[in-house]
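The structure appears below as structure tokens.
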Amino acid sequence: MSVDGSAKPLNPKLSRRTLFRAAAALGVAGAAGAWQLSVDSPADRLHLTSRARLPEPFTLPLTVPPVLAPERRDDTTDYYRLVQRASNITVLPGYSTPIWGYNGIFPGPTIVSNRARRTVVTHRNELPVPVVVHLHGGHVPEESDGYPTDLLYPVGGGHDEMSDMMGGPDPAAHTMIGERDYTYPAGQPAAALWYHDHRMDFTGPAVWRGLAGFHLVVDDAEQRLGLPGGARDIPLMLADRAFDENGAFTYPAIDSTMTHTPGVTGKFGRGVLGDVVLVNGVPWPAHRVDTARYRLRLLNGSNARVYRLRFDRRGGSLPIVQIGSDGGLLARPQELTELTIAPGERYDVVVDFSECAVGDQVTVYNDLGAGTTTRVLRFDIAERVRDSAVVPDRLTDFETLDRRAAVTTRRFAFRQGDAGGMRGWVINGRAYDPRTPIARPTLGQVEVWQLSTDLDHPIHLHLNQFQVLTRDGRAPRAADGGWKDTLYLPATGMAEIAVRFTDYAGRFVLHCHNLEHEDMAMMATFGTVAGIAT
Ligand code: C2O
Ligand code: CU
Ligand code: CU
């Protein structure tokens, strides 16, 4: 089946029941045998196979998404505007690919916020389906977080649905028609965040069609460090896709209209994998670099694919100096030889090409891939320069959350299980239900959350970043340091994290960031409650 981004608008009459399919009506699809769980091991997980002519790896130049200019600024706030619309772009040479994009491009434009300023983004929905915008990693109040039922209906549509929602099963939803503002408060430390669609039941296909972009937060302290900047500070969004014979993205949706039945066809229930690795939307790009340090802000924007990256120069690996995690800078840089990155995660790294010779090539391999997905991108050393960028020994200071201060320990088990009468993906045995919170943490209190898995799941929390305490009862991995919002747990893994929710009482979600798992009910609501003022 191919994704047709230029499809004419669908009948926007979505019944309220369709919005709660994950909780209630998956049973119907299950009874019909439309979705079954595959039990193969991660190594044999099947992927989609492209039928279009694919370019040779490392023949296309890397591109970097444009930085969005604000529409206006005032004393405190920068105002942006994005239109979500269908368009056609060139991904594979010689083909036109229909996408859904923020301002019609994929990845969407990069928003750069200064920590000291508030950011307001007005989104206009010119797509044929409702959307939800989530700022992943953002410390944002409930009404702008992109709760999965806070739908923004298409321009000119949705009145029936809106009245249907009122008094429906999710009366707490803030739905809007046509346009709405998302307000992101100032104050969050410098970090590479990203924004993407988050509509209940249909996040996987929406992101696959192109609804994802970077949102970088910068601050003065970070800028004073002397890290590589300008053209040597590059956001890199990894995302796999597959293409049909016409160059359109393929996605094995049960319902390609993305209106009534969520989920993917049987064998893709473990997650949808493509056979083409895109970096900033370009298949296996090459990038000409100087003999200098480069800061790479790696984001795994794939639906389900996990990568283990290695920077290879003539058979030896170049050190990857990690300087930041999902939530911002580490206290100190650390050297890694490989980096596992799961959907939703970001790693801020510096790679030093200054020892390379002009003409050298540094190839980034994915050691978890097979065939076409073992390669990611290549850096071609093109020019000898003098580089003044540095990576200081101390990057920032932050508080370490102390488990002895924890007031509560909660357990969350991410497993296959019964989702309304069929096998699905559930948390503590429960399919996603927006009406019933799974936990009610008090703002300001440290909690320990114990996360466990059956198969592999990247686990993501909204509202606040957390710190990893243990993995399988032992010390966390080197790359687990700093503030994180997404943690990759392999099959039968267990981790303890310390988290303290702050500032915003309201409802938020935790979920698996394998987007097919998320759409097939592996999500739960938590409601933060204000503590006693001290
Ligand atoms: Cu990036 Cu709740 O998601
Ligand atoms: Cu998020
Ligand atoms: Cu999962």
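The values are calculated or read from the model by the stated rules, or taken from the named source; none is laboratory data. None of these values were measured; they are calculated from a predicted model. Keep in mind that these areas ignore ligands, DNA and RNA; they rest on the heavy atoms of the full protein, side chains included. Shrake-Rupley method; radii C 1.70, N 1.55, O 1.52, S 1.80 Å.
Taking a temperature of 25 °C and a viscosity of 0.890 mPa s, what whole-number D in µm²/s does Stokes-Einstein yield for segment 300-396 with Rh from Kirkwood over alpha carbon pairs? Working shown, then result.
Working: Rh = 14.6 Å.
D, rounded to a whole number, is 168 µm²/s.
Can you work out the Karplus-derived ³J(HN,Hα) for every residue in segment 113-120? Use 6.51 cos²θ - 1.76 cosθ + 1.60 with θ = phi - 60°, whole Hz, and x for glycine or proline.
9, 8, 3, 7, 10, 7, 10, 10
Would you work out what percent of the accessible area of the chain, with all protein chains in place, is carbon or sulfur (probe 1.4 Å)? Before the final figure, lay out each step's value.
On the way: 9600 of 19470 Å².
The value for the chain is 49 percent carbon and sulfur by accessible area.
Relative to 2.2 N^0.38 Å, what does the C-alpha radius of gyration of the chain come to as a ratio? Two decimals please. Write down the numbers at each step before the final one.
Values: Rg = 21.9 Å, N = 534, 2.2 N^0.38 = 23.9 Å.
Here the answer is 0.92, to two decimals.
Within segment 212-304, what percent of beta bridges assigned by DSSP are antiparallel, to the nearest 5? Before the final figure, lay out the partial values.
Details: 8 of 14 bridges.
Taking every DSSP beta bridge within segment 212-304, about 55 percent pair in antiparallel fashion.
Under 8 Å for C-alpha pairs, at least 6 residues apart: give me the relative contact order for the chain, rounded to a whole percent.
Details: 1512 pairs, mean separation 87.8, N = 534.
Computed value for the chain: 16 percent relative contact order.
Per residue, what accessible area does segment 403-528 have, given a 1.4 Å probe and all protein chains present, in Å²? Don't skip to the answer; put the middle values down first.
On the way: 4020 Å² over 126 residues.
Per residue, segment 403-528 has 32 Å² of solvent-accessible surface.
Percent of alpha carbon pairs in segment 422-496 separated by more than 21 Å? Intermediate results must be reported in sequence, preceding the final value.
Details: 869 of 2775 pairs.
Percent of Cα pairs beyond 21 Å in segment 422-496: 31.
Calculate I(q)/I(0) for segment 230-383 by the Debye formula, one identical point scatterer on each C-alpha and no solvent, and give its log10 at q = 0.12, 0.15, 0.18, 0.21 Å⁻¹ to two decimals.
-0.56, -0.81, -1.08, -1.37
What Rg and what Dmax come out for segment 403-528 when only alpha-carbon atoms are used, in angstroms?
Rg then Dmax for segment 403-528, in Å: 13.8, 41.
Could you report the accessible area of TRP483 in Å², rounded to 10, computed with a 1.4 Å probe on the protein chains as they sit in the structure?
Its heavy atoms expose roughly 50 Å² to the probe.
Solvent-accessible area per residue for segment 230-383 at a 1.4 Å probe radius, Å²?
Numbers: 4280 Å² over 154 residues.
With the other protein chains kept in place, segment 230-383 gives 28 Å² per residue.
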